[in-house]
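The values are calculated or read from the model by the stated rules, or taken from the named source; none is laboratory data. Quick caveat: nothing in here was measured; it's all calculated off a predicted structure. Using ideal geometry, Cβ is built from the backbone for each residue, glycine included, and neighbour counts are taken over all protein chains shown. Calculation scope for accessible area: heavy atoms of the full protein, side chains included, ligands and nucleic acids excluded. Shrake-Rupley method; radii C 1.70, N 1.55, O 1.52, S 1.80 Å.
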Amino acid sequence: MKIPRLTFWRAVFLVVVALGLYSTYVRFMHGLGASTHLSDRTPWGLWIGFDVLCGVGLAAGGFTMTAMVYLFNLKQYYHLTRAAILTAFLGYIMVTVALLFDLGRPLRLWHPLVMGNPHSIMFEVALCVTFYSTVLAIEFAPCVLEPFGWKRLCAIIDKIKVPLVLFGVLLSMLHQSSLGSLYLIVPGKLHPLWYTSPWLPVLFFLSAVMVGLAMVIVESFWSGRALGHKPDMKALAPLGRIMLVVLAIYALTLLQIRWSRETLGLIAAGTEESYLFLLEIACGILIPGILLAMPRVRLQPRGLFTAAVLVVLGFVLNRMNVSVTGMAAISGEKYFPAWTEISITLMLVAIGCLLFNLAARYLAVFPHHGPAAPRVPARADAAVPEYMAAERS
Amino acid sequence: MSYGMLFDVTRCVGCLACEAACDEANGNHPPEDVRDLRYDKWTVVRTVEVDGEEKHVRRMCMHCQDPSCVSVCPVGAFKKTELGPVIYDENRCMGCRYCMMACPYNVPTYEWDNPTTPRVRKCIMCYERVKAGEPTACAAACPAEATVFGKREDLLAEAHKRIAENPELYYPHVFGEHEAGGSSVLFLADKNFAALGLPGNLPEGPLPELTGQVLHRLPNVVVTAGAALMGLWWIIHRRQELAASPEKK
């Protein structure tokens, strides 16, 4: 057997996982107190803010892409759906594993399913995430089944694809927005720059759609680099355009809420919160919005990639602001995650990347790679200049 | 029949008898230097200085009429009992700590250092004692009648009576009558409550209504969105079918 060569990134991966495993030991042998900086004043930290809120959001590409391809019949994006579904599926697995770390009694993860409280947003989220993970598993199944030649099962899944996708989209709409609704009950704790009743769920849903598309772009570039094929600008550039539209809707909704609540002034208040809010807007909306609005930038792989990464960063900042920094002032405590918290998060992300890489190599995820070609042929490799000419004319 | 407690800041002498009684009644043994709520300390008397005067203010579960913790708990571990106390069932709790996040008074605390079976801890208004017709341990122990136990409506009337009889002493407001939908525990003071460290930005209505107004719309949203998406799919699908073979009708 050949021993894999130790490259730089493999070494990083090993270090991250080793530290993460040590932190896992501390978490489960000595408890949340020893492994986190959480306290009675700050009961939710990095694991809820990043692993769960961002994790679910960054996995939104799964439902946006399947909706576009199977419900709106935009077949030109078909070859992007499998990678998006894979990202989403891995994302939800990561979220569930992160929850096992964060819950005080992880073995009771199933409790909401049998003793649910219908007035609880968290219960609704738990139900939706459980069902949607199942939907994703079925949507992802062909990628595993095809290489093994299980055609009959694939055909059955193909038959129920449209209702399945519809179910998944509805579930996603529900829980993506409900993650925002979680914060509706803390009007006195969350800073008014982020607290807006009843619009939080709407903002969470719009930003999830936005970041879902951004993630599809980012992940196409990364997997392209890892697997050595060119990103398909012919499909990705129009996706950037759709992202721009969602971005504009999100920005307008945000502006309208600030305007109607007369909290526009808070943005220029010069407080720590106002700077974070400005950073979030500039990084996640303004700069990528301007970049995407310029065809010259959007049609260039580098420009499109930069805009998408900025949208992702702005999104992460938004979720961290809602869940951690926006709550800090009232809690009277400055929370910063313990290194053990950070290392567990890094480990989960690293394992997620590894699984993505393995699946991309060995399963039927990408049209150019993997053992079996997907049913609908992907368009031939995009000739970028030709396409640019087509859009300009 | 709903019971409650009335705490009058003007009467409290800061003897901490309520703390000791609470610790004993609930089997808690906190170190002496614990001066805020903790898993083993369910009430504290805080000393704050307002306008150069020392004031003693209790901190404990307010036992809201429509509690956030009850509404947010995904497994229904919290319950508002008919007698007034908000109680907790540790056998249901999975430790998500949403109750701690949602509580407007930051009351629930957690056993952070218990690695296997951590619980949420908070004042349960001596539920067993109240069920047996006895007053809460803290109220029974108070030598100055600063904390009194009784039916909520009686306490509310008593509070308003005290304000009416002594308008120059009292700040004209009963904290807990309307805050976040009202609570079983009521506060009276001679200073502004925000200055005493109680949250000053709570809306009058119950907080669970904020989520309720969204939650109630969800069935409608799902049906509408489902029908709209289904319709879109059908129209697009049909148009493409016709475009592919126009003779098919």
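Of note:
- Filtered by the rule that a residue be open to solvent by 40 Å² or more (accessible area, probe 1.4 Å), among the β-branched types (Val, Ile, Thr) and modelled with pLDDT of 95 or more, segment A:142-189 gives no residues.
- Test: B:Ala137 is hydrophobic (A, V, I, L, M, F, W, C), open to solvent by less than 40 Å² (accessible area, probe 1.4 Å) and touching a residue at least 24 places away in the same chain (Cβ under 8 Å): yes
- Any hit, segment A:14-29, residues being under 28 Å from A:Ala88 (Cα atoms) and either basic (Lys, Arg) or buried (at least 24 other Cβ atoms within 10 Å of the Cβ) (or both): yes
- Some residue of segment B:29-38 being of a type in the set (A, V, I, L, M, F, W, C), under 30 Å from A:Leu182 (Cβ atoms) and within 16 Å of the chain's Cα centre (by Cα): yes
- Leading residue by the ranking (most open to solvent (accessible area, probe 1.4 Å)) among those in segment A:116-136 that are within 21 Å of B:Met101 (Cα to Cα) and without any contact (Cβ under 8 Å) to a residue 12 or more places away in the chain: A:His119
- When residues of segment B:40-78 are limited to those that are surrounded by fewer than 16 Cβ atoms within 10 Å (Cβ to Cβ) and of a type outside the set (Val, Ile, Thr), the one farthest from B:Gly182 (Cα to Cα): B:Gly52
- Pair list, Cβ < 7 Å and 6+ apart or interchain, from segment A:196-207 residues that are more than 9 Å from chain B (Cβ to nearest Cβ) to residues that are in a loop (DSSP other than H, G, I, E, B): A:Thr196/A:Arg261
- Yes/no for B:Leu186 being at pLDDT below 95 and open to solvent by less than 30 Å² (accessible area, probe 1.4 Å): no
- Any hit, segment A:100-115, residues being within 14 Å of chain B (Cβ to nearest Cβ), free of Cβ contacts under 8 Å to residues at least 40 places away in the same chain and aromatic (Phe, Trp, Tyr): yes
- Any hit, segment B:40-47, residues being within 11 Å of chain A (Cβ to nearest Cβ), part of a strand (DSSP E or B) and over 30 Å from B:Gly205 (Cβ atoms): yes
- Residue check for B:Gly212: open to solvent by less than 40 Å² (accessible area, probe 1.4 Å) and either at pLDDT below 95 or on the phi > 0 side of the Ramachandran plot (or both): yes
- Search result, residues across segment A:30-40 that are at the interface with chain B (Cβ under 8 Å from one of its Cβ atoms) and open to solvent by 80 Å² or more (accessible area, probe 1.4 Å): A:His30
Conditions tested, residue by residue: (1) out of contact with any Pro (no Cβ under 8 Å at 6 or more places or on another chain); (2) farther than 15 Å from A:Met210 by Cβ; (3) small (Gly, Ala, Ser).
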residue	(1), (2), (3)
A:Pro301	no, yes, no
A:Ala308	no, no, yes
A:Val316	yes, no, no
A:Ala328	yes, yes, yes
A:Gly332	yes, yes, yes
A:Pro337	yes, yes, no
A:Ser343	yes, yes, yes
A:Leu346	yes, yes, no
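- Residue satisfying condition, being more than 10 Å from chain A (Cβ to nearest Cβ) and more than 30 Å from B:Glu82 (Cβ to Cβ), within set B:Ala159, B:Ala227: B:Ala227
- Any hit, segment B:164-177, residues being open to solvent by 60 Å² or more (accessible area, probe 1.4 Å) and either within 30 Å of A:Val202 (Cα to Cα) or part of a helix (DSSP H, G or I) (or both): yes
- Considering segment A:323-366, and only residues there that are of a type in the set (A, V, I, L, M), over 18 Å from A:Gly33 (Cβ atoms) and not in a helix (DSSP H, G or I), the residue that is most open to solvent (accessible area, probe 1.4 Å) turns out to be A:Leu363.
- Candidate set from segment B:27-39 (those that are in a loop (DSSP other than H, G, I, E, B) and in contact (Cβ under 8 Å) with a residue 40 or more places away in the chain); member that is least open to solvent (accessible area, probe 1.4 Å): B:Leu37
- Taken together, the residues in segment B:80-98 that are open to solvent by 10 Å² or more (accessible area, probe 1.4 Å) and within 22 Å of B:Leu210 (Cβ to Cβ) amount to 2.
- Taking each residue of segment A:140-167 that is away from chain B (no Cβ under 14 Å) and looking for partners that are open to solvent by 80 Å² or more (accessible area, probe 1.4 Å) and outside any helix (DSSP H, G or I) with beta-carbon atoms closer than 7 Å, six or more apart or interchain, yields A:Pro147/A:Pro371.
- Between A:Gly20, A:Gly57, the distinction of being away from chain B (no Cβ under 12 Å) and over 29 Å from B:Met230 (Cα atoms) belongs to A:Gly20 only.
- Filter result for A:Gly49 (under 17 Å from B:Met101 (Cβ atoms), open to solvent by less than 10 Å² (accessible area, probe 1.4 Å), at pLDDT 95 or above and facing another protein chain (nearest Cβ under 8 Å)): no
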